[in-house]
Amino acid sequence: MIGPKRNNSGQVLIVAALAIAFLISSTIAYIYQTGQAASVDEPYATHDFARNIKLSSRNLIVGWLANVSIGGDNETLGTTLDRWSSFVENQYFVGKCVLKSDCYKSGEYSEGLWIGWSEDGFGVTSAKVDFTLNLTVDGSEFTITFPVNVTTSIVSSGTYEVNPPFWHDVNMTINVYVDGMRALVEDLSVYYRHTSNWLSAKQLSNYSLSDYGNGTYRLTFTLSRFWIHKLLTRVFDRRDIFVQTSFMPEKLIDNLPIFLVGTSKPEIAEFDNTSLGSLTSPSGLGAVLSMGSNAEYWIIGSTNRKVFKYDGQNFTEVTPISNQFTSGISAVNWGDGYWLVGDRDGRIQKYDGSSWTDLTAEAGFNSLGIPISEIEWNEDFQYWLVGSNSIVKKFDGTIWTDVSPTVRQFEDEIGGISCDGSTWLVGDLKGVIQAFNGTQWTNLTSEAGFYSNGTSIYTIDWGDNKFLVGGKDGKIKMYNGSSWLDVSSGWGSNKDILAIEYSDTYAYWLVGGSYGQIMTFDGSLWRDLTNHAVLSGDINAVSAEFQC
């Protein structure tokens, strides 16, 4: 978890020096004045002295707690109070003064301090001390006891819901309390977890904060589906005391996505998380090679160069009339408000739902005589990666850039591309697999273990904070960014794994293979749907209505 930071540099010194110095100087001034009064036999107001010590003791604890809460000098509260007592006692000139402190040790408190920055939405920073002040003056003795409890706490809660095809809408409520009462803050920041990093929600263009003026704050913002479903609230109260807490918001599910499954027969079926239902294939559909969804409809590509649209009810052919495709439609994907569709001859076109724009010449695959094998968009990077024979190109909607690795080159056709929002994972039919962070490539081929066994990589998909990579002869592995885990035994056969699609709603991948084998996998358990399926062809394409 990230540590507390303020906009002002040297905050530790500001809190420690200004708070303590102010308290001590004000106390010295007061004692000097009362001492002068006593020396000329004026009545000495013992209760005024006691009131000042009570106030100063509280302010001292506030300053100490503010300092400790941001990682300042961790001198124990007891040690600090011993120094304070010694100072007070030495400044009392009209009798004897004894100031004792007892740091609270029960419950969550240790030596008077409780820092409880939990991961369940509740955060507290607190110091609790019982004081006893004993004063003697003119033969009279006065004993005053007073507790000091300085506490800042926050309660954070929230939800998120799907905003297809890529987004999650987040709603948060934060309540702030100072010494048990609702209170305003000096500074409030919210962060969301993205891969291994905490990122500021305030930097998002759609971030909105509502301050209700009573210690209640409401926030809304929209994230890509690649965040880790964890939020962090960080608060400085108006005394500069810091507190934070993280939590996992509740997911609200308004509708349930379905999967569309296509085979080489051709066959098309729908899976609703319960059963597979066969659909009547449209006239003219060849073997299904590719498909994708934009949460409103699917685009389906087939071997006979035709493209179909399916809206959940009807199939409509949308094959371009001019600049036609000349080979099987091998890759389809949606992003940035339009489709990219490519064929085995390296032709690639943009489709906005009504018209086509040919990008073949500028893309440069067709002129090299190589196919479009993979197309993937990522909303965090805001560009596409398009794979071909040993070549990977980036397309930002205007410019095509060859970003193929130069050190460990790919050796064959790109079989799979996926992204977690910060890293692309790309594998080829020889089993070479590499990670790309947008600037540099990292070769993962050796540790992945596909290449050494001559295992082709046919498909990759990200979900549940990890990648699932499938290939020839039923080989399938999970990669969490640091290590690989072979989960092939659950697949249970040597049938090729050809298509993988994750659903965040269902929290599993739907995995399709040769001869109609189809299963779900949640990262640990497999569920075989093959015997209930109506499919016999190779499952070349699986597409969730939306993955978020």
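What the table shows:
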read-out	value
Qualifying residues in region 466-505 (those that are under 29 Å from the mean Cα position of the chain (by Cα), buried (at least 16 other Cβ atoms within 10 Å of the Cβ) and part of a loop (DSSP other than H, G, I, E, B)) - the one modelled with the highest pLDDT	Val487
Total residues in region 97-108, condition surrounded by fewer than 17 Cβ atoms within 10 Å (Cβ to Cβ) and either more than 14 Å from Thr132 (Cβ to Cβ) or not basic (Lys, Arg) (or both)	6
Residue check, Thr360 surrounded by fewer than 23 Cβ atoms within 10 Å (Cβ to Cβ), in contact with a helix residue (DSSP H, G or I) (Cβ under 6 Å, 6 or more places away or on another chain) and of a type in the set (Ser, Thr, Tyr)	yes
Within region 445-465, tally of residues that are over 10 Å from Gly431 (Cβ atoms) and surrounded by fewer than 21 Cβ atoms within 10 Å (Cβ to Cβ)	4
Given (1) among the small types (Gly, Ala, Ser); (2) farther than 26 Å from Lys466 by Cα; (3) surrounded by 15 or more Cβ atoms within 10 Å (Cβ to Cβ); (4) under 26 Å from the mean Cα position of the chain (by Cα), number of the condition Ser210 does not satisfy	(3)
Residue that is farthest from the chain's Cα centre (by Cα) [pool: residues in region 99-128 that are over 21 Å from Arg238 (Cβ atoms) and of a type in the set (A, V, I, L, M, F, W, C)]	Leu99
Residue match in region 182-204 (condition: touching a Gly at 6+ places or on another chain (Cβ under 7 Å), crowded, with 18+ Cβ neighbours inside 10 Å, within 18 Å of Tyr160 (Cα to Cα) and of a type outside the set (Asp, Glu))	yes
Residue in region 306-321 that is among the hydroxyl-bearing types (Ser, Thr, Tyr), more than 28 Å from Ile348 (Cβ to Cβ) and in a loop (DSSP other than H, G, I, E, B) present	no
Subset of region 112-157 [on the phi > 0 side of the Ramachandran plot and modelled with pLDDT of 95 or more]	Gly112, Gly121
Residue within region 517-531 that is surrounded by 17 or more Cβ atoms within 10 Å (Cβ to Cβ), assigned to a strand (DSSP E or B), hydroxyl-bearing (Ser, Thr, Tyr) and in contact with a Lys or Arg (Cβ under 6 Å, 6 or more places away or on another chain) present	yes
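Table: residues versus (1) in contact with a strand residue (DSSP E or B) (Cβ under 8 Å, 6 or more places away or on another chain); (2) assigned to a strand (DSSP E or B); (3) at pLDDT 95 or above; (4) over 21 Å from Val176 (Cβ atoms).
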| position | (1), (2), (3), (4) |
| --- | --- |
| Leu219 | yes, yes, yes, no |
| Lys230 | yes, yes, yes, no |
| Asp240 | yes, no, yes, no |
| Val243 | yes, yes, yes, no |
| Pro257 | yes, no, no, yes |
| Gly262 | yes, yes, yes, yes |
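The values are calculated or read from the model by the stated rules, or taken from the named source; none is laboratory data. What you are looking at is a predicted structure, and each value in this text was computed from that prediction instead of being measured. Neighbour counts run over all protein chains shown; Cβ positions are idealised from the backbone, glycine included.
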